[in-house]
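The values are calculated or read from the model by the stated rules, or taken from the named source; none is laboratory data. The structure displayed is predicted, hence computed values, not measured ones. FYI the Cβ positions are ideal-geometry reconstructions off the backbone, even for glycines, and counts take in every protein chain you see.
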Amino acid sequence: MAQTDLAGYLTGWNAPTFTGQPHEDVHMWISGIRYGLKQRRVPRELWVAAAMSFLDEEPHAVLDDMRRTMAEIAEKEGQTGWAWDWDMFTRTLVVIHDQVKKDAKNDAHNIGSDFHRFRKEHPYAAAAAGLGLIAAGGITVGPAILVGTLHLLGFSASGVVGGGRSSLSCELYPTHN
């Protein structure tokens, strides 16, 4: 099924836009989007594209950069089982949003700094930077921190772990479809 078929499923759907602000409940947003996708009988292979259409500009750009970066890593390592599917998308969104919330808590102590201002204006870019990913015309990878993030998302030095789900992410964010 082509991505162009997606428009028909989204017509008339007034789903909330996820802006990525620290006060937003990412799990509630994901649940609401998943519910809407099921109600509209959207084919599962279109779920990520549909959800991405309800992301604000910054979280959309950061997640798209993450998808490209992880796909490039998987391709370079010859991993054929990796996919940017619903589970990978939601885990990545949750990990980055958790970092946004941690950054917001830390900012209470650093008010007035240039980095504080940047994090407030661009929470997802700052969170990605804090996780070792720097958005600057594409993502440049900070190796030490990126390794930990990729392990959390299901990657190891030998490739995809357990079909792409790390044991930690399975425990923290079990899949309920």
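Each residue in the range 4-44 was checked for being under 23 Å from Val95 (Cβ atoms) and of a type in the set (Asp, Glu), and 2 pass. What about Lys105, is it at pLDDT 65 or above and either closer than 28 Å to Ile33 by Cα or among the acidic types (Asp, Glu) (or both)? For Lys105, the condition - at pLDDT 65 or above and either closer than 28 Å to Ile33 by Cα or among the acidic types (Asp, Glu) (or both) - is met. Applying a threshold of 7 Å to beta carbon distances and a minimum spacing of six or more residues, or different chains, the list of pairs starting in the range 22-38 at a residue that is touching a residue at least 12 places away in the same chain (Cβ under 8 Å) and ending at one that is in a helix (DSSP H, G or I) and small (Gly, Ala, Ser) reads Pro22/Ala104; Ile33/Ala51; Leu37/Ala50. For the range 45-103, a tally of residues being closer than 15 Å to Val26 by Cα and of a type in the set (S, T, N, Q) returns 3. Counting the residues of the range 45-80 that are assigned to a loop (DSSP other than H, G, I, E, B), without any contact (Cβ under 8 Å) to a residue 40 or more places away in the chain and either among the hydrophobic types (A, V, I, L, M, F, W, C) or over 15 Å from Val100 (Cβ atoms) (or both) gives 2. When the criteria are applied in full, Ala50 meets the requirement of being surrounded by 19 or more Cβ atoms within 10 Å (Cβ to Cβ) and either touching a His at 6+ places or on another chain (Cβ under 8 Å) or within 20 Å of Gly12 (Cα to Cα) (or both). Scan the range 27-38 and give yes if some residue there is closer than 23 Å to Lys102 by Cβ and touching a helix residue (DSSP H, G or I) at 6+ places or on another chain (Cβ under 6 Å), otherwise no. Looking for residues that are closer than 23 Å to Lys102 by Cβ and touching a helix residue (DSSP H, G or I) at 6+ places or on another chain (Cβ under 6 Å), one finds at least one in the range 27-38, hence yes.
Among the residues making up the range 7-36, those that are assigned to a helix (DSSP H, G or I), under 18 Å from the mean Cα position of the chain (by Cα) and either among the β-branched types (Val, Ile, Thr) or buried (at least 16 other Cβ atoms within 10 Å of the Cβ) (or both) are Val26, Trp29, Ile30, Ile33, Arg34.
Output the number of residues of the range 51-78 satisfying the condition of being more than 14 Å from the chain's Cα centre (by Cα) and among the aliphatic types (A, V, I, L, M). So the answer is 2.
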